[in-house]
Amino acid sequence: MKCFISFFLKLILLFPFLIQANPLNLKGQLWLSTLTNNDIPTGQSAYESTMGYIPTLSLFKELSDNQLVDMEWAYRLDRTYSGDSLLYYNESHHRYWVRYSSEKLEARLGLQKIVFGPSFVLRSLSWFDTIDLRDPTGQTDGVEAFRLRWFPSNSLSLWSWAINNNQDTLSYGSRVELSNSAGEWGLTYHQDPSKSPQPIGQIGISGSHSRLAIDYRYDGWIGFWNESALISSDGSDIIMATVGADYTLPIANGLLVMAEYMSISNKSDSDELSQSYTALMASMPLGMVHQLMFISQFDLEENRSYNYLRWNSTYDHYSLNFILSINQKRADYNEDLPRSLVGFGTGLQFMFIYNH
């Protein structure tokens with residue numbers, strides 16, 4: 001918590017200095033969505049609508065010798081309605097950070113996005129983000145953190161971070177990225193003393209633990225990547241591994257096809273559980289404005305499939321998204337489920353996104 005109090009003090013000190021140098025830049029993203037499907041919870045409307053807006057304020061000041069100080073603040077407002085009944089409501093900070101950067105160094109403090117790893121759908125290294133390729137907005141939650149990146153050469157970068165969670169517990173980690181003729185390599189370590197449960201990619205974990213991961217990507221005749229992670233705690237060892245490949249077929253304007261496979265092994269003192277998933281994606285531009293994308297994901301252990309087809313038309317400031325999804329019905333699960341229509345049955349959705 002002390003580091004974030006320090007952040008606000010620095011923000012107050014820097015604000016008059018920055019605002020004098022450059023005017024505020026205001027941008028934002030607005031989205032409106034309506035959805036219906038054939039798997040409606042009892043007593044709920046067959047139509048679900050969502051509206052959201054993220055206004056973002058930013059400013060910067062250029063210093064000497066290619067140095068820069070900038071800052072950003074964003075606030076997220078979104079509501080979901082089932083018919084005319086409020087189903088979900090959120091008002092929260094989306095981003096607030098201040099950053100210093102130069103040719104060799106970047107330091108950023110505040111609520112920010114931390115993303116790494118080459119996978120697209122089955123992401124073993126989705127440690128601090130909520131990115132979902134099926135979400136047309138492209139938004140992700142952030143973490144309160146101090147992150148430092150150092151670039152000693154064009155082929156090497158060193159990361160380190162300290163992250164504050166909701167219980168004011170600091171976790172910390174580091175990452176090395178190396179790029180050479182053989183591909184792009186990454187080595188990541190994170191130590192988390194928090195006792196609270198938290199999601200990590202496809203799984204959840206609770207209690208103090210450490211994470212160690214290696215990732216690799218090669219771009220040549222085909223694209224190929226791997227993410228492998230070991231998550232160790234007092235009660236279990238979880239091994240997650242993702243392999244994937246993509247290739248662009250010379251069809252029309254180019255048909256990108258991608259496949260990923262993930263395996264998860266959870267070993268405890270008394271038991272061992274395993275899970276495996278596959279994901280297939282195909283994407284093709286149709287002219288300068290339109291694009292068609294299909295994603296199919298399979299849970300091999302539970303014999304479940306999730307399918308997603310999107311046609312989107314992107315213009316200078318807005319996009320139109322038409323989505324067909326075919327998923328498992330609620331009756332296929334033996335657990336408490338969210339009331340939202342998203343992710344169940346066969347559904348149709350339209351989403352309008354405006355960026356300014």
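Yes/no per residue for (1) touching a helix residue (DSSP H, G or I) at 6+ places or on another chain (Cβ under 8 Å); (2) without any contact (Cβ under 8 Å) to a residue 40 or more places away in the chain:
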{"position": "E91", "(1), (2)": "no, yes"}
{"position": "V98", "(1), (2)": "yes, no"}
{"position": "L111", "(1), (2)": "no, yes"}
{"position": "G117", "(1), (2)": "no, no"}
{"position": "L122", "(1), (2)": "no, no"}
{"position": "F128", "(1), (2)": "no, yes"}
{"position": "D132", "(1), (2)": "no, yes"}
{"position": "D135", "(1), (2)": "no, yes"}
Show the residue pairs that are 6+ apart or on different chains and have beta-carbon atoms under 9 Å apart, the first residue being within region 167-178 and farther than 14 Å from R147 by Cβ, the second being basic (K, R) and assigned to a loop (DSSP other than H, G, I, E, B). Q167/K195; T169/K195
Pairs needed: first member in region 140-158, of a type in the set (S, T, Y); second member anywhere, not in a loop (DSSP other than H, G, I, E, B); C-beta distance under 8 Å; at least 6 residues apart or different chains. S155/L178; S155/S179; S155/N180; S157/R149; S157/W150; S157/F151; S157/V176; S157/E177
Quick check on E103: is it modelled with pLDDT of 95 or more and surrounded by fewer than 17 Cβ atoms within 10 Å (Cβ to Cβ)? no
Can you tell me which condition S6 does not meet? The list is (1) small (G, A, S); (2) at pLDDT 85 or above; (3) not in a strand (DSSP E or B), and all the others hold. (2)
Residue check: is W185 under 25 Å from S101 (Cβ atoms), more than 18 Å from the chain's Cα centre (by Cα) and among the aromatic types (F, W, Y)? yes
Scan (1) at pLDDT below 95; (2) among the hydrophobic types (A, V, I, L, M, F, W, C); (3) buried (at least 16 other Cβ atoms within 10 Å of the Cβ) for the single condition L63 breaks and write down its number. (3)
Condition (residue is loosely packed, with under 15 Cβ neighbours inside 10 Å, under 21 Å from the mean Cα position of the chain (by Cα), farther than 20 Å from S263 by Cβ and of a type in the set (G, A, S)) applied to region 204-212: is it met by at least one residue? yes
Candidate set: region 167-203, residues that are part of a strand (DSSP E or B) and surrounded by 19 or more Cβ atoms within 10 Å (Cβ to Cβ); chosen: the one modelled with the lowest pLDDT: I200
Exactly one of (1) out of contact with any Gly (no Cβ under 9 Å at 6 or more places or on another chain); (2) farther than 30 Å from Q297 by Cα; (3) among the acidic types (D, E) is unmet by E144. Its number? (1)
Does Y216 count as of a type outside the set (A, V, I, L, M, F, W, C), over 21 Å from the mean Cα position of the chain (by Cα) and part of a strand (DSSP E or B)? no
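The values are calculated or read from the model by the stated rules, or taken from the named source; none is laboratory data. As the structure is a computational prediction, the values presented were derived from the model and not from experiment. Backbone-built Cβ (ideal geometry, glycine too); neighbour counts: all protein chains shown.
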